[in-house]
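Presented below is the structure to which this report refers.
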Amino acid sequence: MEYLYLIIGLILVLVGANYLVDGATAVAKRFGISDMVIGMTIVGIGTSTPEMVVSFWGAAQGNADIAVGNIVGSNICNILLILGISALIYPLVLTRNNIIKDIPFVLLSTAALCAVALDKQISGAPENIISLGDGIVLLLFFAVFIVYSFLTANKPEPEQDKIANQEVLPVRKNKKWKRTWLPILMIIGGLVTLIAGGDMFVNAATKVAKAIGVSDVIIAVTIVAIGTSVPELATSVIAATKKNTGLALGNVVGSNIFNVFLILGGSALITPLNLGNFGMINFMMLCVATLALFICAFTFRKRYIDRIEGVLFLLMYIAYIVLLVNGF
C-alpha cells in the first residue's frame, strides 16, 4: 500500500503543479508582476508548505534532526536536483535582478543558517543550538526580503534583460484571462493538491525508510527533504516545460529563502533546536550547492543556466547521496 500511496501522491503533485503554474503565470500577467517575483513569493511560499509542516512538527516533537535536516536537505535538493532537471529541460534565463538581488539573497540565507547553527565551529560553544534569539533574527531577515521583493516587483525590466530573454526564449503566447478569480482559484486548487500529494508521498516514503532501518538524519536530508521538495520539483519542471523559466527559477530561489528565514526561524521559536550529531557534510554540501549557483550567475558571460550546468548540478547531487549512504 505504501508504494501505491507514493504513486498517487506523485500524480496529485503533478496535476496540482500544472494548475499552479498556469494560474500563477496568469496572475503575474494580469497585474504586471514578473514571473520571477510571483515564483519567489506566492508560489515559493506555497510549495514550501510541506517543509513548514514537517519542520514545525519536528520542532514541536523535540526532533531537531528532522526540523533542521529537512530544511538543509530541501535546499540542497532545490538547487542541485530541481534546477539541474529544469535546466536540462530548458535553459534558465538569468536577469539582472537575479544576479544582483535574488541569488545573493540565497547566498545570504545559507550564510545566516551556518552562522546560527554552527556555534561550536564558529565560537567554540559546547553545543550547536539554534536558539530563540537566532529564530527572531531569521524572521527579521524574512520580513526584509518580502518587503524588498514587493517594493521592486513592478519595476520595468531593463532593456538588456529583454534582449537576453529573446535570444534564449521564443515568444510565448499566454492565455488571456477575462476573470481574475479563475487563475486565483487555479493557484489555490493547485497548492491544495500539491500539498496533499506531497504529504502522502512523504508519509509513505518515511515509513518505507524506517522499515529498512534508516536513521532520522539520513531520512530527513534525503527522503523527507526530497519528498517535501516534490511540489517545487513538479512546479519548476512543468514551468520549464512551458518555457516559463522565471517561475521555475523564482520558485527555487524563493523556497530556499523561505525555508531558512521563515520555516527554520519559526521552528526555533517553537523550541531551541539542539543539532547534536547533525553531520557537517550536510552544511558543507549546502554551501557548495549555493556557491555553485552563485558561480553560474557571476562568472560566465552568458546569462542563463544551460544543460551542461544542469548535468553538473545533478552529478553533484548524486555524489552527495552516495557520500551519505556510505556514512560520511
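Suppose the filter is over 19 Å from residue 52 (Cα atoms) and not aliphatic (A, V, I, L, M); does residue 258 pass it? Steps first, answer last, please.
Working: over 19 Å from residue 52 (Cα atoms): no; not aliphatic (A, V, I, L, M): yes.
Here the answer is no, as residue 258 does not meet what is asked.
Would you mind stating whether residue 147 is buried (at least 16 other Cβ atoms within 10 Å of the Cβ) and in a helix (DSSP H, G or I)? Spell out how you get there, then give the answer.
On the way: buried (at least 16 other Cβ atoms within 10 Å of the Cβ): no; in a helix (DSSP H, G or I): yes.
Criteria not met by residue 147.
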Restricting segment 224-243 to residues that are at pLDDT 80 or above and of a type in the set (S, T, N, Q), which is nearest to residue 196 (Cα to Cα)?
-> 236
Looking at residue 51, is it within 20 Å of residue 226 (Cβ to Cβ) and among the charged types (D, E, K, R)?
-> yes
Restricting the first residue to segment 257-281 and requiring it to be in a strand (DSSP E or B), which pairs with a second residue that is among the β-branched types (Val, Ile, Thr) meet a Cβ separation below 7 Å and a spacing of at least six or different chains?
-> 273/68; 273/129; 273/130; 274/129
Go through 233, 249 for me and flag whichever is touching a residue at least 24 places away in the same chain (Cβ under 8 Å) and within 19 Å of residue 303 (Cα to Cα).
-> 249
State which residue pairs qualify: first residue more than 15 Å from residue 136 (Cβ to Cβ) and touching a residue at least 60 places away in the same chain (Cβ under 8 Å) and inside segment 105-118, second residue among the small types (Gly, Ala, Ser) and surrounded by 20 or more Cβ atoms within 10 Å (Cβ to Cβ) in any location, beta carbons under 9 Å apart, and separation of 6 or more residues or different chains.
-> 105/149; 110/289
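Return yes when residue 264 is at pLDDT 90 or above, surrounded by fewer than 18 Cβ atoms within 10 Å (Cβ to Cβ) and under 26 Å from residue 58 (Cβ atoms) and no when it is not.
Against the criterion (at pLDDT 90 or above, surrounded by fewer than 18 Cβ atoms within 10 Å (Cβ to Cβ) and under 26 Å from residue 58 (Cβ atoms)), residue 264 does not qualify.
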Could you check residue 71 against (1) under 19 Å from residue 258 (Cβ atoms); (2) surrounded by fewer than 24 Cβ atoms within 10 Å (Cβ to Cβ) and say which number it fails?
-> (2)
Looking only at segment 93-122, which residues are in contact with a Cys (Cβ under 9 Å, 6 or more places away or on another chain) and modelled with pLDDT under 90?
-> 94, 103, 121, 122
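The values are calculated or read from the model by the stated rules, or taken from the named source; none is laboratory data. As the structure is a computational prediction, the values presented were derived from the model and not from experiment. Positions of Cβ are generated from backbone atoms using ideal geometry, with glycine treated the same way; all protein chains shown enter the neighbour counts.
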